[in-house]
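The values are calculated or read from the model by the stated rules, or taken from the named source; none is laboratory data. Since the structure is predicted, the reported quantities are computational estimates derived from the model, not experimental observations. Note that we place each Cβ from the backbone using ideal geometry, even for glycine, and neighbour counts take in every protein chain shown. Surface areas here come from the heavy atoms of the whole protein model, side chains and all, with no ligands, DNA or RNA. Shrake-Rupley method; radii C 1.70, N 1.55, O 1.52, S 1.80 Å.
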Amino acid sequence: QVQLVESGGGLVQPGGSLRLSCVASGIIFSLYSMDWYRQAPGKQRELVATITSDSSTNYADSVKGRFTISRDNAKNTVDLQMNSLKPEDTAVYYCHIEFRRLGYWGQGTQVTVSS
């Protein structure tokens, strides 16, 4: 079955950086687009970044120029490099894939930006 496991969250000061990683199993990883979403307390889950199978990328306006999504098809991983972090980036970050018309999610990793 499809499994997604995130890692790399934590507590960071404003202006700092974090790198999230998601490893996927149960799929031919290179064939699929991958997404990072986030959900802040009391808010809806929102799409942060997408990387397609040919490594085209797309970002939410709120993270453009600060976040970079990348993938390593040899390792079945998708990463999210987050720079210039702001308190409003605080959220649980989730890895996501749509596979055979079903959405699959990881367990999430907490990112807290605070001084």
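Name every residue in the stretch 1-28 that is assigned to a loop (DSSP other than H, G, I, E, B), touching a Gly at 6+ places or on another chain (Cβ under 6 Å) and open to solvent by less than 60 Å² (accessible area, probe 1.4 Å), in order of residue number. Lay out the reasoning, then the answer.
Our first condition is that a residue be assigned to a loop (DSSP other than H, G, I, E, B); within the stretch 1-28, this holds for 1-2, 8-9, 13-17, 26-28.
Checking the rest, the ones that are also touching a Gly at 6+ places or on another chain (Cβ under 6 Å) come to 1-2.
Hit for the stretch 1-28 is Val2, nothing else.
Across the stretch 29-46, which residue is modelled with the lowest pLDDT among those that are of a type in the set (S, T, N, Q) and open to solvent by less than 60 Å² (accessible area, probe 1.4 Å)?
First, the residues of the stretch 29-46 that are of a type in the set (S, T, N, Q): 30, 33, 39, 44.
Next, from what is left, pick out any that are open to solvent by less than 60 Å² (accessible area, probe 1.4 Å): 30, 33.
Details: Ser30: 89, Ser33: 96.
Among those residues, the one meeting the criterion is Ser30.
Find the strands (runs of 3 or more DSSP E) located wholly in the stretch 47-115 whose residues include 2 or more that are charged (D, E, K, R) and open to solvent by 10 Å² or more (accessible area, probe 1.4 Å), and list them.
Details: elements: 57-59, 67-72, 77-82, 91-99, 102-105, 109-113.
Where strands (runs of 3 or more DSSP E) fall fully within the stretch 47-115 and carry at least 2 residues being charged (D, E, K, R) and open to solvent by 10 Å² or more (accessible area, probe 1.4 Å), they are 67-72.
Please give the number of the condition Thr109 fails out of (1) over 14 Å from the mean Cα position of the chain (by Cα); (2) within 12 Å of Glu6 (Cβ to Cβ); (3) of a type in the set (Ser, Thr, Tyr).
It fails just one condition, (1).
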